[in-house]
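The values are calculated or read from the model by the stated rules, or taken from the named source; none is laboratory data. Since we're looking at a predicted model, the values are computed, not measured. Cβ placement follows ideal geometry from the backbone for every residue including glycine, while neighbour counts extend to all protein chains displayed. Please note that ligands, DNA and RNA were not included when accessible areas were found on the heavy atoms of the full protein model with its side chains. Shrake-Rupley method; radii C 1.70, N 1.55, O 1.52, S 1.80 Å.
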Amino acid sequence: MGKAPNILIIMVDQLNGTLFPDGPAAWLHAPHLKALSARSVRFVNNYTASPLCAPGRASFMSGQLPSRTRVYDNAAEFASDIPTYAHHLRRHGYQTCLSGKMHFVGPDQLHGFEDRLTTDIYPADFGWTPDYRTPGERVDWWYHNLGSVTGAGIAEISNQMEYDDEVAFHATQELYRLAQQSDEDDARPWCLTVSFTHPHDPYVARRRYWDLYADCPHLDPAVAPIAFDDQDPHSQRLYLANDYRNFDIGPEDVRRARRGYFANISYLDDKVGELVDVLTRTAMLDDTIIVFCSDHGDMLGERGLWFKMSFLEGSSRVPLMISGPDISPARIDAPVSNLDVAPTLADLAGIDLDAVQPWTDGESLLPLLAGGQRASPVLMEYAAEGSYAPLVCIRDGRHKFIHCELDPPQLFDVENDPTERVNLAADPANQALVDDFTRRVRARWDMDAFDAAVRESQARRQVVYQALRNGAHYPWDYQPLQKASERYMRNHLDLNALEESKRFPRAR
């Protein structure tokens, strides 16, 4: 086997996959992502494992569904004994590094990464724990609300911009450091994960990006708001969880929010351009696999729904593009999953996952590149805020089936009804298909046991959180350490050796 490829994973937050029908939609101002798309395999029907940050990301890193990771929501601990792609790669000699968000909850803030360049944007403790014992109760201090929509507009700096600017800066500095090491005899291959928080709400963007969408023809959603009483039960729960009754959302609010969201895609596009530019100028691009992905999507006002937490396409379908050595550009229409990324990375790096295969829900995507088929349907789970009991979903071929013990079933023909307006399960003519999907749900999940496990986890965490907030408190949030005494020029270093080692390319 030749030299192991380097790997750059660029993860964004809450990017709606329907905007990537085959790479970025033509009307998006995203030249760098379009250039990356042209050299990538595009998986146009890729899905999150769970439409929420922490559970979706834990599943992305481990290849395991939330029912295995036990990361059910944004305050559930990601256990240290669950291998991630960072563990698999590091075990086989890779340098592993994270710049940005991964929403790890608990005292382990690395999960296989040797180094982490920034803190996270969200808390690492149990404070955001939902409570199935009080269904319908809103927790105002951390639940989403539609203020993100009514407050959409222009800002030159924000909490999220400050974060992503820092993430990009540290990531480019790390790429330069890796380039400086690349011609050393003992240089190790590397995997750098760069994880941004945009285009996640609030929908606030810098003017130069905002102005790109002044005449955008896509500021109105394809599906107009649906009256509360006409929504499916889970969407009704999301309406209530997002406090819609206390907001008067008009068409102009929707347009401004969507404009801010599109503008932040262009903001991210510039960040992607910076990273690829450094790879190009340091002669590492041809040896590097680039994965572009998102943790989950955003409904963006379709049906009147916002944010995520739903298995509907805008929330659950996410971009996935992979480029690199010996990967020919192509479009793959078969449904796939973020769960597949970890085993695919292992496959690309020549790593055998047999030791954990029985507990891995994802599968390598490489057979699809050779014209093969994915062996199993795409599975999703959701058991966090806005739900009163776990929901599960199967995407198989053209159909998507959604099941919750509390609700009537939902069945959509996603190919012929991409905006999911017609619930086929409501038509008795489709009863045999509904029965078959229900049988498959029962074979895959014990819904009562799943519900019990979530409730137990929530109750335990409520107790622990309340206890740890009393008395002396040491936060789990990652605290980046910069050793200033080892940076730039210091008197224990040789100036000539330092300047030579920090230069790339070397003086000839």
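For this structure, a couple of remarks:
- The count of lysine pairs in the chain that are at least 8 places apart or cross chains, and whose C-alpha atoms lie under 20 Å apart, stands at 5.
- Candidates per trypsin sites (Lys or Arg not before Pro) in the stretch 374-474, loop by DSSP, up to 13 other Cβ within 10 Å: ARG398, ARG421, ARG469
- Label zone at ASP215 (point 7 Å along Cα-to-Cβ), backbone N below 19 Å, the stretch 253-275: 256, 259-260, 262-263
- Accessible solvent surface per residue of the stretch 34-143, calculated while the other protein chains remain in place, 1.4 angstrom probe, Å²: 29 Å²
- Using θ = phi - 60° in the Karplus curve 6.51 cos²θ - 1.76 cosθ + 1.60, the 3J(HN,Hα) couplings for the stretch 317-326 round to 8, 9, x, 8, 10, 10, 10, x, x, 6 Hz; x is entered for Gly and Pro.
- In order along the stretch 451-463, the Karplus-derived 3J(HN,Hα) couplings, from 6.51 cos²θ - 1.76 cosθ + 1.60 at θ = phi - 60°, round to 4, 5, 5, 5, 5, 4, 4, 4, 4, 4, 5, 4, 5 Hz, and Gly and Pro are given as x.
- Cut-off under 5 Å, modelled amide H: who pairs with LEU300 long-range: PHE307
- Dmax and Rg, reported as Rg then Dmax, of the chain (C-alpha, Å): 22.6, 81
- Along the chain, longest interval not containing exposed chymotrypsin sites (Phe, Trp or Tyr not before Pro), exposed being DSSP loop plus at most 12 other Cβ atoms within 10 Å: 142-487
- Loop sites in the stretch 457-508: GluC sites (Glu not before Pro), DSSP, at most 14 other Cβ within 10 Å: none
- Dividing the summed helix terms, -39500 (n - 2.57) for each DSSP H run of n ≥ 4, by the number of residues in the chain produces a 222 nm estimate of -9500 deg cm²/dmol to the nearest 500.
- FRET efficiency for ARG331 and LEU495, using Cβ-Cβ distance with R0 set to 51 Å, rounded to 0.05: 0.45
- Per atom type, the chain shows carbon and sulfur on 50% of its accessible surface, probed at 1.4 Å.
- Counting only DSSP beta bridges whose two residues both lie in the chain, roughly 45 percent are antiparallel.
- Between ARG116 and LEU98, the built amide H atoms are under 5 Å apart, and every one of these is 5 or more places off in sequence or on another chain.
- Using the Cβ-Cβ distance between GLU252 and TYR176 with R0 set to 41 Å, the FRET efficiency from 1/(1 + (r/R0)^6) comes to roughly 0.40.
- Using θ = phi - 60° and Karplus 6.51 cos²θ - 1.76 cosθ + 1.60, couplings along the stretch 78-95 (whole Hz; Gly, Pro as x): 8, 5, 6, 8, 9, x, 10, 4, 5, 5, 4, 5, 5, 4, 9, x, 6, 6
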